[in-house]
Amino acid sequence: MSKRILLLHGPNLNLLGTREPEVYGTATLGDHIARTRECATDFGFEVEDLQSNHEGDLIEAVHGARGRCDAIIINPGAFTHSSWALHDALAAFDGVVVEVHLSNPDAREPWRRTSVVAPVATGSISGFGGTGYELAVRAVAARLQ
């Protein structure tokens, strides 16, 4: 049985590479997914990925990961601050959950400083750009050892 990570990206992250590059960098979503897969392979993980601008799609993916995936790495985008439904779905997942943000929300606008995902995540990584995804994979591997 292979070890599996579900990699989720929330709204507007499909625009990475062109959306506010001074904040999010110039790497595309595809670049981040490839980087995550490459790192995960080193630890024997397969990676499934989904990006959606729709909250329900992300919730359905979390539900579908139950009993099938060992971990979820999620960059919830703006849902970080508002999606109690995503919070509840992640709370029902019994694997490792790592919240990732390319920028540091605590160094930005006040409304970005509250995460409704963090209380149900195993841990959060923010402010390290794309390196955050590699750190998340390493955290998952360490947690599952």
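The values are calculated or read from the model by the stated rules, or taken from the named source; none is laboratory data. Remember, predicted model here, so these are calculated numbers, not experimental data. Counting neighbours? That spans all protein chains shown, and the Cβs are built from the backbone with ideal geometry, glycine included.
Does Ile73 meet the test of being among the aliphatic types (A, V, I, L, M) and either within 18 Å of Gly127 (Cα to Cα) or touching a Pro at 6+ places or on another chain (Cβ under 6 Å) (or both)? Yes; evaluated as a whole, the condition is true for this residue.
Out of the residues in segment 130-145 meeting the condition of being out of contact with any strand residue (DSSP E or B) (no Cβ under 9 Å at 6 or more places or on another chain) and surrounded by 16 or more Cβ atoms within 10 Å (Cβ to Cβ), tell me which one is farthest from Pro21 (Cα to Cα). Restricting to residues being out of contact with any strand residue (DSSP E or B) (no Cβ under 9 Å at 6 or more places or on another chain) and surrounded by 16 or more Cβ atoms within 10 Å (Cβ to Cβ), the top hit is Arg138.
Every condition in (1) surrounded by 18 or more Cβ atoms within 10 Å (Cβ to Cβ); (2) under 12 Å from the mean Cα position of the chain (by Cα); (3) over 17 Å from His9 (Cβ atoms) is met by Gly123 except one, and the failing one is (1).
Does segment 52-63 contain any residue that is touching a Leu at 6+ places or on another chain (Cβ under 8 Å) and among the hydroxyl-bearing types (Ser, Thr, Tyr)?
The initial filter retains those residues of segment 52-63 that are touching a Leu at 6+ places or on another chain (Cβ under 8 Å), namely 52, 55, 57-59, 61-62.
Next, from what is left, pick out any that are among the hydroxyl-bearing types (Ser, Thr, Tyr): 52.
For segment 52-63, residues touching a Leu at 6+ places or on another chain (Cβ under 8 Å) and among the hydroxyl-bearing types (Ser, Thr, Tyr): present.
The residues of segment 17-64 that are in a loop (DSSP other than H, G, I, E, B), of a type in the set (Val, Ile, Thr) and either within 25 Å of Phe93 (Cα to Cα) or modelled with pLDDT of 95 or more (or both) amount to a single one, Thr28.
Taken over segment 92-111, the criterion of being touching a strand residue (DSSP E or B) at 6+ places or on another chain (Cβ under 9 Å) and in contact (Cβ under 8 Å) with a residue 24 or more places away in the chain is satisfied by Phe93, Gly95, Val96, Val97, Val98, Glu99, Val100, His101, Leu102, Ser103, Pro105. Every condition in (1) outside any helix (DSSP H, G or I); (2) of a type in the set (S, T, N, Q); (3) touching a residue at least 40 places away in the same chain (Cβ under 8 Å) is met by Thr80 except one, and the failing one is (1).
The set of residues from segment 2-24 being touching a residue at least 60 places away in the same chain (Cβ under 8 Å) and at positive phi comprises just one member, Asn12. Considering segment 1-16, the residues that are in a helix (DSSP H, G or I) and of a type in the set (A, V, I, L, M) include one that is nearest to Glu60 (Cα to Cα), namely Leu13.
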